[in-house]
Amino acid sequence: MMRDIWCVAWKELMLTRRNLKTYATSYGIVIAIWGIFMPVSMADSIWNGDVSMAILMFAYLSVFLASGQTISAFVGERMQKTLGTLLTTRLSDAAIYLGKVLAIILTAYAVTLLVLGLHLSAVWYTAMLKGYQSKFPYAPVELTFMLVLPVFSLLYTSALGVYASLKSTNIRGQHFLNLFMGLPVLAIFYQVLKSLSWQSLLISMAIFGVVVVGITLFSIGRFNRQRLILQ
């Protein structure tokens, strides 16, 4: 099962690689905004200890990235009339579904980590220019939150987004829907950020992990390649 999932994910990753020029243009703009412009504009607040908005905007990046990827998962294939190839594979429906979700998560999280590096560099550079005390801008629990929150956002958005793409025939409508799917995640974790501690972080992650698993299992149960092609 794991090998089948990875086969699907690898196929999707290679497809992304072949379309690298297209992704580089759109991702380049996003990386510049989230990795340079936003941290520079928020640097004063970050160095003064108000990091909630910076963390949430960073987390929303993963939702934004996953939104574009989930669109191509099935809506793109339907519009390009390549869904018929799903019938010729020996792979199970669950492997196809999970492989596509895994590819979305790997691609989006890799870009997210790149943006995090640029984010920290931009904040430090701004601190040097404005004479702030040279120290790491985030507490350990805040940095952990920034590393883990995008993973949960990606799991949630990609699983729910791929399921929604099974029903959608319009890319524009799907993109609009996906962007708003992540808002409940950010609203929940904004409340956690108000009194962030290791305990509240672990509890919130555990609760949200159960929700994500439930959504994923529901989506797998609803996915049927033959019904998808006949829609």
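The values are calculated or read from the model by the stated rules, or taken from the named source; none is laboratory data. Please read these numbers as outputs of a predicted model, since none were measured by experiment. No Cβ is skipped: glycine too gets one built from the backbone with ideal geometry, and neighbour counts run over all protein chains shown.
Laid out as a table, the results:
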quantity: Test: residue in the stretch 195-215 that is modelled with pLDDT under 80 and surrounded by 13 or more Cβ atoms within 10 Å (Cβ to Cβ); calculated: no
quantity: Scan of the stretch 1-52 for residues that are within 23 Å of residue 191 (Cα to Cα) and aliphatic (A, V, I, L, M), ordered by number; calculated: 38, 42, 43, 46, 51
quantity: Some residue of the stretch 55-65 being without any contact (Cβ under 8 Å) to a residue 40 or more places away in the chain and of a type in the set (A, V, I, L, M); calculated: yes
quantity: Selection count where residues are more than 30 Å from residue 118 (Cα to Cα), modelled with pLDDT of 70 or more and surrounded by fewer than 24 Cβ atoms within 10 Å (Cβ to Cβ), scope the stretch 55-105; calculated: 7
